[in-house]
Amino acid sequence: MRTALLLLLVCSFSIAKGQASRPVDPYSEIGITGGYSYYVGDLNPYIHFGARKKIAFGALYRRNITQRHTLRFHLMRMKVEAFDSDSNDPMRVNRNLNFRTNITEASMLLEINFYEYRLGRLGKGFTPYIFGGLAYFQFNPEAELDGNYFELRPLGTEGQGANTYAKGQISIPFGLGLKSGFTKRIALNLEWGIRKTFTDYLDDVSAYYADPDLIREQSGNLGRDLADRTITPIGPGGVNTGMQRGDPERNDWYIYSGIILTVRLGKDSNGCWR
């Protein structure tokens, strides 16, 4: 993940420095997007395209500043989930955790085109691009137990108590795509983007098993049952307190891949609708 982010930053700098972008009359687009989302974290540390995928959708506004640079404001609704039972790792299967969460995201992005691009202009209606920016997202993880789902954040499953994590967080979206003019006013994009977060609790799993008696005092038997679901205890004497529950050194990520359909607004530079 970090290597991908570094490569995109290097590519962005190289394109911006090495290829001049001629100014154009700025124009705007509005659009919708649809595809799928998934997550990488403590319950799915390695798998990308084979991870559990959920439907994602959103709406966006684009302002094309030059033929190489576009500002984008994007609203997204996504869902991610993961189950230890899907793993081939016996230790994760034994941990037996699961989660799901809806994600609502608002982002501001900068797109950098590899080629000069202008919707509706012959010979300039296709380009690969990269993008990056800043996003605010909200999430609220839940876990399944006996066929029912329960919110995890209020339970403090790792002994956080009142010092639990915030549901609103900042992320850094970045990725790549292809954009093409479908008609003189309609564009179609394919895009894949990663969101780097600064929380390890997207899945409500981060560090170590807390004392089950402490969990029960704070959030009752439900909290205790959802905090430690190991099939066979791994700690001495059958108690997991202090044993590793997640990986506190790595934060969680969520990913979106999909299609963007946009429509150009307003008049072209010749003063006519196209």
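Here are the numbers for this structure:
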| item | result |
| --- | --- |
| Any hit, region 107-128, residues being within 27 Å of G50 (Cα to Cα) and of a type in the set (D, E, K, R) | no |
| T262 vs. criteria among the β-branched types (V, I, T), assigned to a loop (DSSP other than H, G, I, E, B), more than 17 Å from Y46 (Cα to Cα) and out of contact with any Cys (no Cβ under 8 Å at 6 or more places or on another chain) | no |
| Hey, Y209 among the aromatic types (F, W, Y), crowded, with 17+ Cβ neighbours inside 10 Å and modelled with pLDDT under 95 or not | no |
| Among residues of region 83-122, those that are of a type in the set (F, W, Y) and part of a loop (DSSP other than H, G, I, E, B), counted | 3 |
| Test for L188: is it assigned to a loop (DSSP other than H, G, I, E, B), aliphatic (A, V, I, L, M) and within 24 Å of R68 (Cβ to Cβ) | no |
| Which numbered condition P173 fails, given (1) over 23 Å from D84 (Cα atoms); (2) of a type outside the set (V, I, T); (3) at pLDDT below 95 | (3) |
| Residues of region 123-138 satisfying the condition of being hydroxyl-bearing (S, T, Y) and within 30 Å of A166 (Cβ to Cβ) | Y136 |
| Selection within region 216-239 - in contact (Cβ under 8 Å) with a residue 60 or more places away in the chain and either in a helix (DSSP H, G or I) or under 21 Å from A162 (Cβ atoms) (or both) | Q218, S219, L222, G223, D225, L226, A227 |
| Members of region 37-56 that are surrounded by fewer than 19 Cβ atoms within 10 Å (Cβ to Cβ), in contact (Cβ under 8 Å) with a residue 60 or more places away in the chain and assigned to a strand (DSSP E or B) | none |
| Among the candidates G258, G223, residue that is closer than 25 Å to Q138 by Cα and in contact with a helix residue (DSSP H, G or I) (Cβ under 6 Å, 6 or more places away or on another chain) | G223 |
| Residue list for region 132-186, restricted to those being over 14 Å from the mean Cα position of the chain (by Cα) and aromatic (F, W, Y) | Y149, F150, Y165, F182 |
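The values are calculated or read from the model by the stated rules, or taken from the named source; none is laboratory data. Please read all numbers here as calculations on a predicted model, not as lab measurements. Counting neighbours? That spans all protein chains shown, and the Cβs are built from the backbone with ideal geometry, glycine included.
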